[in-house]
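FYI, it's all coordinate maths here, none of it is from the lab. Since this is a predicted model, take the numbers as computed values, not measurements. Every residue, glycine as well, gets a Cβ built from its backbone with ideal geometry; the counts of neighbours run over all protein chains shown.
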Amino acid sequence: ETLGDRHRDTLSSISSMGRLLMDMGQLEEARPLLEEAMHARKETLGDRHPDTLTSINNMGYLLKDMGKLEEARPLYEEDLQASRETLGDRHPDTLGSINNMGTLLQNMGQLEEARPLLEEALQAQKGTSALISNLGLLLMDMGQLEEA
């Protein structure tokens, strides 16, 4: 049985292949697959569907890994805004988006913008070691060693 190039399972497979290539460090090869999955999911599922949000986030993550921080930012912003609106501020996927946006801003040197996001993520998930670490690294970058 042929599912078609816009079937949800087909798009999931394309996205998974892109993620696999990305995880293997084959960023250039991953890009067209992740772009295809993102655009097709927007077209078929809509801008606010959880699968679409995952694709937007994956594309932002890829661009960040490629060092294209300015290109990643609008995708992370879109994902964060849509996640807050559709999933709520405390949904695990939204908290991941908050953390991703915070670490991107940190990587861009926009430390004052990054801090409230990482603090928000930490407050929502008290005790999560990765989030504590991210906030600690940010505070170190800001020269606030005692707080870190």
Degrees, to the nearest 10: 111-124 long Cα axis against longest axis of the chain: 80
Just in the stretch 1-48: which GluC sites (Glu not before Pro) are loop by DSSP and have at most 14 other Cβ atoms within 10 Å? GLU1
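Let me have the relative contact order for the chain, percent, based on Cα pairs under 8 Å that are six or more residues apart. Working shown, then result.
Details: 167 pairs, mean separation 18.4, N = 148.
Answer for the chain is 12 percent.
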Charge dipole (debye, nearest 20) of the stretch 1-73; +1 at Cβ of Lys and Arg, -1 at Cβ of Asp and Glu: 260
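What does the charge dipole of the chain about its Cα centre add up to, to the nearest 20 debye, if the Cβ of each Lys and Arg holds +1 and the Cβ of each Asp and Glu holds -1?
Values: 14 positive and 27 negative charges, 49 e Å.
Charge dipole, the chain, about its Cα centre: 240 debye, nearest 20.
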For the stretch 87-97, just list the computed ³J(HN,Hα) in residue order, Karplus coefficients 6.51, -1.76 and 1.60, θ = phi - 60°, integers in Hz, with x standing in for Gly and Pro. 9, x, 5, 10, 5, x, 5, 5, 4, x, 5
Taking 35 Å as R0, compute the FRET efficiency from the Cβ-Cβ separation of MET142 and HIS39 and round it to 0.05. 0.40
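Using Cα pairs under 8 angstrom and six or more residues apart, how large is the relative contact order of the stretch 88-148, in percent? List each step's numbers first, then the result.
Numbers: 55 pairs, mean separation 16.5, N = 61.
Relative contact order, the stretch 88-148: 27 percent.
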Mind checking the full-extension length gain between SER12 and GLN123? Use 0.36 nm per residue of separation minus the Cα-Cα distance, one decimal, nm. 36.7 nm
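Under Stokes-Einstein, with the Kirkwood radius over Cα pairs standing in for Rh, what whole-number D in µm²/s applies to the stretch 47-98 at 10 °C and 1.306 mPa s? Provide the component values of the computation, followed by the final result.
On the way: Rh = 10.7 Å.
It diffuses with D of about 149 µm²/s by this estimate.
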So, with points 7 Å from each Cα along the Cβ direction, the MET24-LYS68 label distance in nm works out to 2.0
With viscosity set to 0.692 mPa s at 37 °C, what whole-number translational diffusion coefficient in µm²/s follows for the stretch 1-69 from Stokes-Einstein and a Kirkwood radius over Cα pairs? 276
Apply the Karplus parameterisation 6.51 cos²θ - 1.76 cosθ + 1.60, with θ equal to phi minus 60°, to every residue of the stretch 132-146 and state each ³J(HN,Hα) to the nearest whole Hz, in sequence, with x for glycine and proline. 4, 4, 4, 5, x, 5, 4, 4, 5, 4, 7, x, 9, 5, 5
Please find, in a Gaussian network model of the chain (springs between Cα atoms separated by less than 10 Å), the residue of LEU62, LEU45, LEU104 whose mean-square fluctuation is greatest. LEU45
